Every structure is written in structure tokens, then in C-alpha cells.
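Encoded as C-alpha cells, the structure appears first; notes follow it.
The values are calculated or read from the model by the stated rules, or taken from the named source; none is laboratory data. Computed from a predicted structure; not experimentally measured. Cβ placement follows ideal geometry from the backbone for every residue including glycine, while neighbour counts extend to all protein chains displayed. Just the protein is used for accessible areas: all its heavy atoms, side chains included, with ligands, DNA and RNA removed. Shrake-Rupley method; radii C 1.70, N 1.55, O 1.52, S 1.80 Å.
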Amino acid sequence: MSRYEKKMWTLGGCLADHRSVILNLPRIAGAYVGPNAVDPQLNESVMVTVNSVNSCPYCEGLHGELARMAGVDDPEGLMNATSEDECRKLVDDPAISYARIFAEQDGRGAAVDQAFEQLATATRPAFAASVRALCWFLLWGSIGGNTINAFFARLTGKPKAGSSFLFELVVILYYGPLFLIITIVNTLLRFAPRVPKWFSAAFGLLLTVIAGTWIILPGILGLIAGTKPRILAHG
């Protein structure tokens, strides 16, 4: 479990994140296939590292299993890491340092910019951009998943402080079908063996296409609104 507070969207944060994610959709696809693709083991390690901060159960299930299938040695340990140093002990790659800093700072700010420059110098700028796109993909999914779970918590009489019933309702009505699909896929992936790299890449591309169909509409709204992020943190 992450020592950080889980984060969920406000309206402004939702539109701001979708604005960033829709702009990165081509690079997310390119992180799976193409000249700037990220090796599946590192790709899924980046995803798991981002989720080590925000700890979304949907992302934990999906990318924890995909990491195992891709051959990551200790995805659970990486998921439960509490610092950049712990993450690097498990996967010693500069992309992991960037992913952890990105997650801690919600993808924005001077620390993230500096970490990106360091990654681009250590690798290639185009490769670093692929890693950044993957981080946006996971950040979007984790905050979305935690917002959906905030709605379920409300139904059990435990609403999150500062959250809005109406906004949570809109999120679950719009994204509920997608996260239901993710839940079903998570269950099925538990029985999957380790897979070749081409399968991991193709599956990741499929995920991008499916998620992208939901991202487009709020992404366009985010582009129109040009909002600044406002993300609600809760334990």
C-alpha cells in the first residue's frame, strides 16, 4: 500500500488530466509499437512504479498481472515500494526514477521537468517522451479508478471529504463500463502465463485503443476548457 494519499479527480483536475492524456495518445501507442517503443518489461515496470504512489486497485490488478506476464521479477515489490531508491533496487533503470518522480508530482512541475531532461540525456528524447506518455496513461487510470471507488465508498456511508456526489456519479456513469471491462480482464489475466514480447506490445496497443475511445470526449472538453489541475487527495 502506498504511503501517499490516494488521489481522485475534481472537475478541474479531470479535464486537465484528460487534456494531457489525449495529447499523449499517439505517444502512448508508440510506447508499445514503433521506433520509440519501450521494452515490455520496462514498460510495465514504469506502469507499476507510477501506481506505487497512487495505489489504484484496478491498475494494480491489470498492470501487476501484465508485468508478471512480461517477465518483471518482482512486480508486487515494485508496487509496494515507498521511494525512488526502493524502486531502483528492484528495476535499475533511469525510466523508473522518472516514473516515480512523475507520480509523486502528478506529472507537473520543475522536479518532473528536470527528471525528464535527465531521462532524455540518459536515453533519447523520443524514448523519454514514450516513457512520459506511459506515465500519463497510468496516472489517468489510477486517479479515475480511485474516483470510481470514492463513489462506492459513498454508497457504504463513507463519502470522501471534499468530494462531490454529482461529479462522482458522472464519472461512474461514463467510465463504469470501461472499469468493469478492466475488472473482468484482471480476473482472466491471473491465469495467463508469461508471454512473448510481441504479445505484450500488441495487448498494450489494444488497451490504448480501447481506453482511447473513452478518453477522446473528455479530452476534447479539456482542450476546450484549458483547465489547470485540481486533484483531491484522500487517504
For segment 148-163: of the residues being over 21 Å from residue 12 (Cβ atoms) and hydrophobic (A, V, I, L, M, F, W, C), which is least open to solvent (accessible area, probe 1.4 Å)? 153
Positions within segment 106-147 being open to solvent by 30 Å² or more (accessible area, probe 1.4 Å), over 16 Å from residue 42 (Cβ atoms) and small (Gly, Ala, Ser), in sequence order: 109, 110, 111
I need the helices (runs of 4 or more DSSP H) fully contained in segment 1-97, keeping only those with at least 1 residues that are at pLDDT below 95 and open to solvent by less than 10 Å² (accessible area, probe 1.4 Å). 11-30, 40-54
Is it the case that residue 100 is open to solvent by less than 10 Å² (accessible area, probe 1.4 Å) and farther than 20 Å from residue 32 by Cβ? yes
State whether one or more residues within segment 99-116 are at pLDDT 95 or above and more than 23 Å from residue 16 (Cα to Cα). no
Filter pass, residue 87 being touching a helix residue (DSSP H, G or I) at 6+ places or on another chain (Cβ under 7 Å) and either over 24 Å from residue 203 (Cα atoms) or among the charged types (D, E, K, R) (or both): yes
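Results for (1) touching a strand residue (DSSP E or B) at 6+ places or on another chain (Cβ under 8 Å); (2) under 23 Å from residue 105 (Cα atoms); (3) of a type outside the set (A, V, I, L, M), shown as yes or no for each residue.
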| residue | (1), (2), (3) |
| --- | --- |
| 39 | no, no, yes |
| 47 | no, yes, no |
| 55 | yes, yes, yes |
| 58 | no, yes, yes |
| 63 | no, yes, yes |
| 68 | no, no, yes |
